[in-house]
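Below: one structure, written as structure tokens.
The values are calculated or read from the model by the stated rules, or taken from the named source; none is laboratory data. The model shown is predicted, which means the values in this text are computed figures rather than measured ones. Positions of Cβ are backbone-derived with ideal geometry, glycine not excepted, and every protein chain shown enters the neighbour counts.
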Amino acid sequence: MSEPPPGLAEAFNDGEPSTPRPAASVVLLRRGGKHGARSLEVLLVQRSHDAAFMPRVWVFPGGAVDPEDGEGEEGYRACAVRELEEEAGIALDRAEELVLFSRWITPEFVKTRFDAWFFLALAPAHTPPKPDGRETVDAGWFEPQAALEASAADELHLVFPTVKQLERLAEFETSEEAMGASRGASVEPILPKLVGTREEPQIVLPGDPDYPA
């Protein structure tokens, strides 16, 4: 069981749940460190301070699927690649492998909802991220555990799905290990639900003892 992210009360939807909009992100990995060190690092970008949705939050590059991206899984993949280039200035070649890592559906009690697919990919060599200055204003490479510690110290604003995925990535020593473990793995959609009261809400995930049937 986990505490809700900051600002949850403002995001409450008291009416009928909205339909989640298809979205996709790239969880871009690279080998970090110097002198041959092979530790895993992941790219995070900071959303604009003026953004209507999740301002100032550090996220994986991504966004909503557009009609020109196509339909089905290929549409999600095309969206992920497009958003990475738009938000971080990094282009992935068509030959680059995208491995489905997770799928998160925004809870029904939140006004703005997405059915978000997250794909792992290896960063091309010599491609520093370049925020677009509109949707994203900063970018950086982080070791997953370092990002989690910065979040716990209120130095990095992360949302719940990003935290949970960083926790998973922290289990791997290298980007190749993360890709290999995820390649071909079954990915079930994760729909967080709310228990408790509006004054003291708690988010639960599938598999948690308090998760509603």
Since Glu167 meets every condition but one in (1) under 15 Å from the mean Cα position of the chain (by Cα); (2) surrounded by fewer than 16 Cβ atoms within 10 Å (Cβ to Cβ); (3) not in a helix (DSSP H, G or I), which condition does it not meet?
(3)
Only residues that are within 22 Å of Gln202 (Cα to Cα), surrounded by 15 or more Cβ atoms within 10 Å (Cβ to Cβ) and not hydroxyl-bearing (Ser, Thr, Tyr): list them for segment 96-113, please.
Arg103, Trp104, Ile105, Pro107, Glu108, Phe109, Val110, Arg113
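Does Asp132 qualify as being within 14 Å of Gly62 (Cα to Cα) and among the acidic types (Asp, Glu)?
yes
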Going through segment 180-213 one residue at a time, which ones are exposed (fewer than 15 other Cβ atoms within 10 Å of the Cβ), closer than 30 Å to Glu96 by Cα and either among the polar types (S, T, N, Q) or modelled with pLDDT under 90 (or both)?
Ser186
Which residue is farthest from Pro20 (Cα to Cα), if the candidates are limited to segment 49-72 and must be surrounded by fewer than 18 Cβ atoms within 10 Å (Cβ to Cβ) and in contact (Cβ under 8 Å) with a residue 24 or more places away in the chain?
His49
Exactly one of (1) under 25 Å from Phe160 (Cβ atoms); (2) out of contact with any helix residue (DSSP H, G or I) (no Cβ under 7 Å at 6 or more places or on another chain) is unmet by Phe119. Its number?
(2)
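Every residue, every condition in (1) assigned to a helix (DSSP H, G or I); (2) closer than 15 Å to Val27 by Cα; (3) touching a residue at least 12 places away in the same chain (Cβ under 8 Å); (4) among the polar types (S, T, N, Q), yes or no:
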residue	(1), (2), (3), (4)
Phe118	no, yes, yes, no
Ala121	no, yes, yes, no
Pro129	no, yes, yes, no
Gly133	no, no, no, no
Trp141	no, yes, yes, no
Ala146	yes, no, no, no
Pro161	yes, yes, yes, no
Ala181	yes, yes, no, no
Pro212	no, no, yes, no
Of the numbered conditions (1) in contact with a His (Cβ under 9 Å, 6 or more places away or on another chain); (2) farther than 21 Å from Ser39 by Cβ; (3) not aliphatic (A, V, I, L, M), Glu188 fails exactly one; give the number of that condition.
(1)
Taking Arg134, is it touching a Ser or Thr at 6+ places or on another chain (Cβ under 7 Å), at pLDDT below 95 and either surrounded by fewer than 16 Cβ atoms within 10 Å (Cβ to Cβ) or under 23 Å from Ala23 (Cβ atoms) (or both)?
yes
For segment 139-179, name all the residues that are among the β-branched types (Val, Ile, Thr) and either at pLDDT 95 or above or over 20 Å from Ser48 (Cβ atoms) (or both).
Thr162, Val163, Thr174
Could you please find all residues in segment 148-159 being part of a helix (DSSP H, G or I) and surrounded by 15 or more Cβ atoms within 10 Å (Cβ to Cβ)?
Leu148, Ala150, Ser151
